[in-house]
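Novice: Sending over a structure as structure tokens; questions will come in a sec.
The numbers here are math on the coordinates, done by the rules we state, and not lab data. Worth saying up front: this structure is predicted, and the values here are computed from it rather than measured. Heads up, the Cβs are rebuilt from the backbone with ideal geometry, glycines too, and the neighbour counts pull from every protein chain shown.
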Amino acid sequence: MIYTAVIERCTDTGFYVGFIPGFAGAHTQAESLDALHENLREVITMLLEDGEPRLDSEFVGTQTVVVA
């Protein structure tokens, strides 16, 4: 299975925070992108032990919004 992760960087801690849209519980944080990727893989693997999730939403993309 392939999942799309949304990744942000916390301005307070400097940690990367990642979550899978629509996949309840599929979120984690780490100091590096490589560690975040591995953490997300582990979290998804654990959640899949309960069976294939019914996703509440699907990642579509991002948009740039300009405010003048």
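Novice: Report ³J(HN,Hα) in whole Hz for each residue of region 24-37, in order, from the Karplus equation J = 6.51 cos²θ - 1.76 cosθ + 1.60 where θ = phi - 60°; Gly and Pro get x.
Specialist: Couplings: 4, x, 8, 8, 6, 9, 6, 7, 10, 5, 5, 5, 4, 4 Hz.
Novice: Taking log10 I(q)/I(0) by the Debye sum over Cα atoms at q = 0.14, 0.19, 0.21, 0.25 Å⁻¹ as the quantity of interest, determine which of (i) -0.48, -0.79, -0.91, -1.12; (ii) -0.61, -0.84, -0.92, -1.07; (iii) -0.50, -0.72, -0.81, -1.01 was computed from the displayed structure.
Specialist: Here the calculated entry is (i).
Novice: Ordered by residue, what ³J(HN,Hα) values in Hz, to whole numbers, does region 61-68 give under the Karplus form 6.51 cos²θ - 1.76 cosθ + 1.60, where θ = phi - 60° and Gly and Pro are x?
Specialist: x, 10, 9, 9, 10, 9, 10, 8
Novice: Follow-up. Report the GluC sites (Glu not before Pro) located in region 1-39 that are in a DSSP loop and have at most 12 other Cβ atoms inside 10 Å of their Cβ, or state none.
Specialist: Counting only loop positions with at most 12 other Cβ atoms within 10 Å, the GluC sites (Glu not before Pro) in region 1-39 are Glu31.
Novice: Quick one: putting +1 on the C-beta of Lys and Arg, -1 on the C-beta of Asp and Glu, what dipole do you get for the chain around its Cα centre, in Debye to the nearest 20? Mind showing how you got there, number by number?
Specialist: On the way: 3 positive and 11 negative charges, 45 e Å.
Dipole magnitude for the chain comes out near 220 debye.
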